[in-house]
Amino acid sequence: MNRYFDVNHTQLFTFYSPAHLSALSVFVLCLILLYVNRQRLHKSHYRKYGRFILAAVLVLCEVTLNIWYITQGVFRLQDTLPLELCSISLYLCVFMLLFNNRFLFQIVYFTGIGGALQAILTPALTFDFPHYRFLEFFIAHFAIMLAVLYMVWVEQYRPTFKSVGLAMAFLNVLLVVVGSINYAVGGNYMFLMKKPDTASMLDLLGPYPWYLLSLEAVAFVLFILLYLPFIFVARAQLSRNKLPLSE
């Protein structure tokens, strides 16, 4: 049992290994199931329980992660506080789900999907399956994206173009706050002080500190891309409404 939790576990994570691809496949299956059943869930009197279940999964991931940090003796201010973008998005998702909050959705639609998607495709992860950290990492990031898409597909929330600006503003305020904490505790949360040791998208964005500026541009482009489907859907609906009635 200890090998599933041991911080000195020696089986290292490998990008796009069978374990990684299997985890991604499970996520795709969950996406398909959620999308196929979106209308049924939307019309159900019990749809709020879907939100509560996702919130419970996110809380369980965060609580057990901190318990693991403490019991394994690796809790440190420098690198185990919930100050990564995905950790912050996780907390926002919990409040969004529990209180059905539209304002938080406007932010977490972009930060949650954008951050979690990058994380699962290029994980900054040491431990491989079946270690607890492997399972917690993927379950937490999958649940973040499923939570956001649950609000889109089941609760039928929609971001607006102003949401892109709101998410960018939130992100920049976050950079200042987290950057200040990094300076105070000697951390590297959100990789604001240096790139991660593992391969990531940041390797393509230039050296420190210039990759931070590149990351701003990438975030804006990504947020626009995430908003585009709603533009296309809105235009398609408008075109259908303008079609003349057949005689």
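The values are calculated or read from the model by the stated rules, or taken from the named source; none is laboratory data. Computed from a prediction, not measured in an experiment: that's the story for all the values here. Here the Cβ positions follow ideal geometry from the backbone for every residue, glycine too, while neighbour counts run over all protein chains shown.
Before moving on, here are some points about what is shown:
- Residues that are aromatic (Phe, Trp, Tyr) and modelled with pLDDT under 95 within region 154-182 comprise just one, Phe161.
Matching residues to (1) within 22 Å of Cys93 (Cβ to Cβ); (2) aromatic (Phe, Trp, Tyr); (3) not in a loop (DSSP other than H, G, I, E, B):
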residue: Arg133; (1), (2), (3): yes, no, yes
residue: Val148; (1), (2), (3): yes, no, yes
residue: Gln156; (1), (2), (3): yes, no, no
residue: Gly165; (1), (2), (3): yes, no, yes
residue: Leu171; (1), (2), (3): yes, no, yes
residue: Val176; (1), (2), (3): no, no, yes
residue: Asp197; (1), (2), (3): no, no, no
residue: Ala217; (1), (2), (3): no, no, yes
residue: Leu222; (1), (2), (3): yes, no, yes
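- Of note, Leu34 does not satisfy the criterion of being under 15 Å from His141 (Cα atoms) and not in a loop (DSSP other than H, G, I, E, B).
- Qualifying residue in region 77-95 (condition: touching a Lys or Arg at 6+ places or on another chain (Cβ under 9 Å), crowded, with 19+ Cβ neighbours inside 10 Å, among the polar types (S, T, N, Q) and in contact (Cβ under 8 Å) with a residue 24 or more places away in the chain): no
- One residue alone among Leu98, Leu125 is at pLDDT 95 or above, in contact with a Lys or Arg (Cβ under 8 Å, 6 or more places away or on another chain), farther than 20 Å from Ile224 by Cα and not basic (Lys, Arg), and that residue is Leu98.
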